[in-house]
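Participant: Take a look at this one; I'll ask things after.
The values are calculated or read from the model by the stated rules, or taken from the named source; none is laboratory data. Please read all numbers here as calculations on a predicted model, not as lab measurements. Note: ideal-geometry Cβ built from the backbone for every residue, glycine included; neighbour counts use all protein chains shown. Areas reflect the complete protein model, heavy atoms only, side chains present, ligands, DNA and RNA absent. Shrake-Rupley method; radii C 1.70, N 1.55, O 1.52, S 1.80 Å.
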Amino acid sequence: MKILNLRLAKYIHILNTSMDKLASECLPDIQRFEYQVAGHKTDDSGCSGLLKHKDGYVLKPIPKSPQGDNEISFYERVKHDVKLLPLQRFIPEYFGYSFLNINNADIRFLKLQDITNQCSKPCVMDVKIGKQTWEPSATLEKRKSEDAKYAVSKREFGFCIPGYHVFDIKSGLVFKFGKEEGKRLGRESTIAAFKQFFNYSCGFSSIIVKHITSQMADLLDWWNSQNVIHVYSSSLLLVYNAEKLEGLLSGALKEEELITDGSWVKIRMIDFAHVVPANNLNDHNYISGLSNLIAILKSIM
């Protein structure tokens, strides 16, 4: 599946142009975030995608209320709610929010940790967890709209893949996979997508997958133990540094080093606009999707 979708390529060109113009003319401390793989696209203001501040944090546009206020409340709650404190390990660090005046409009952005910051060649995949991506209060129209998105993947696996970005270490090329490809994924093509993302052909992908599934298992343990929140339409970012695999192939690094040190492989939950009280019930929608994801990744090791 080594395809750069034409629509995605066109979008990337538009995004790069608008963000670079924004950075050079309006906000010199801001540039586009290079490794965004899903989420908000650029709009007429040219600023609704992820941005990167010179101080190292990522600026994520906050959706309109009430979703935007819900997301802010969640990040702030995780810092203080004892029952949610274990989640801090699995979400980007939160630095508050700020307003940027762009095209005479004040736009609100979350300030979040850039989890690719220590990666010289970051590979990033967005996996949206859960068969159901609408919260219980959603209208019938919203439910139908959400159910129609990635319908095959969500029905088959309880998750879907809106996009990924990978450095292919054998060819030296960068491959980007977008929403349109994600919507067409079935069982075999989903496995093929994971193999491409984890550089399966290099022979060392099992090291990455072991680190990834180990972290996912810890997250799943917490999810099984809590009945405080239910989360809908939230994604899990999978991130690793492809330069480490290049080091293995060249002989500059030893396999044992990367097996022992898992700091170059990370998972982080993002997107918390749809968090609702659990009412003392387990979040089986999230648990099922994450469990299936772990099982599939283990099957390709």
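Participant: From largest accessible area down, sort Arg108, Arg77, Arg89, Arg143; use a 1.4 Å probe on the protein chains.
Facilitator: Arg89, Arg77, Arg143, Arg108
Participant: Continuing with the same structure: When every alpha-carbon pair in the stretch 237-301 is counted, what percent end up more than 14 Å apart? Intermediate results must be reported in sequence, preceding the final value.
Facilitator: Working: 1533 of 2080 pairs.
Here the tail beyond 14 Å accounts for 74 percent of pairs.
Participant: Given a cut-off of 26 Å, what percent of all Cα-Cα pairs of the stretch 38-187 lie beyond it?
Facilitator: 39 percent
Participant: Once you sort the root eigenvalues of the Cα gyration tensor of the stretch 144-221 as a ≥ b ≥ c, which label holds: rounded (a/c under 1.5), prolate (a/b larger than b/c) or oblate (the other case)?
Facilitator: Oblate shape, in that a/c is at least 1.5 and b/c is the bigger or equal ratio.
Participant: Can I ask one more? Most mobile of Tyr94, Tyr286, Tyr232 per a Gaussian network model of the chain (Cα springs, under 10 Å)?
Facilitator: Comparing Tyr94, Tyr286, Tyr232 in the GNM, the peak value goes to Tyr94.
Participant: Charges only on Cβ, +1 for Lys and Arg, -1 for Asp and Glu: so what's the dipole of the chain about the Cα centre, in debye to the nearest 20?
Facilitator: Computed about the Cα centre, the dipole is about 740 debye.
Participant: Kindly sort Val209, Val276 by accessible area of their heavy atoms, largest first, with the probe set to 1.4 Å.
Facilitator: From most accessible down to least: Val276, Val209.
Participant: Can I get the semi-axes of the stretch 153-301's equivalent ellipsoid? Compute them from the C-alpha gyration tensor as square roots of 5 times the eigenvalues, in angstrom, largest first.
Facilitator: 29, 18, 13
Participant: As a check on your grasp of the helix formula, calculate [θ] at 222 nm for the chain: sum -39500 (n - 2.57) over DSSP H runs of n ≥ 4, divide by the residue count, round to the nearest 500.
Facilitator: Result for the chain: -12000 deg cm²/dmol, rounded to the nearest 500.
Participant: How many nm separate the modelled label positions at Cys202 and Ser120, each set 7 Å beyond the Cα in the direction of the Cβ?
Facilitator: Spacing of the two 7 Å Cα→Cβ label points: 1.2 nm.
Participant: Further, regarding this structure: For the stretch 87-170, which semi-axes, largest first and in whole Å, follow from the square roots of 5 times the eigenvalues of its Cα gyration tensor?
Facilitator: Gyration-tensor ellipsoid for the stretch 87-170: 28, 24, 14 Å.
Participant: Ordering Ser250, Ser98 from largest to smallest accessible area (1.4 angstrom probe), what's the sequence? Can you show the working numbers first?
Facilitator: On the way: Ser250 85, Ser98 30 Å².
From most accessible down to least: Ser250, Ser98.
Participant: Answer with one residue from Gly186, Leu290, Pro136: the one whose Cα lies farthest towards the positive end of the charge dipole of the chain, charges on Cβ with Lys, Arg +1 and Asp, Glu -1.
Facilitator: Gly186
Participant: Give me the accessible area of Trp134, 1.4 Å probe, in Å² rounded to the nearest 10.
Facilitator: Approximately 40 Å² for this residue.
Participant: Find the lysine pairs in the stretch 53-129 meeting two conditions, Cα atoms under 26 Å apart and a separation of 8 or more places or different chains, and report how many there are.
Facilitator: Step by step, the pairs that qualify in the stretch 53-129 add up to 18.
Participant: Sticking with this structure for a sec: Convert 37 °C to kelvin, take the viscosity as 0.692 mPa s, use the Kirkwood radius over C-alpha pairs of the chain as Rh, and evaluate the Stokes-Einstein diffusion coefficient in µm²/s, rounded to a whole number. Write out the running numbers ahead of the final one.
Facilitator: Values: Rh = 20.0 Å.
Stokes-Einstein gives a translational diffusion coefficient of 164 µm²/s.
Participant: Same structure, new question: For the chain, what is the accessible area per residue in Å², given a 1.4 Å probe and the full set of protein chains?
Facilitator: Accessible surface, normalised per residue, equals 48 Å².
Participant: Determine the relative contact order of the chain: mean sequence separation of Cα pairs under 8 Å and six or more apart, normalised by residue count, in whole percent.
Facilitator: Contact order relative to length: 21 percent.
Participant: Computing the accessible area with a 1.4 Å probe over protein heavy atoms, can you report the carbon and sulfur percentage for the chain? Mind showing how you got there, number by number?
Facilitator: Numbers: 7230 of 14400 Å².
Roughly 50 percent, rounded to a whole number.
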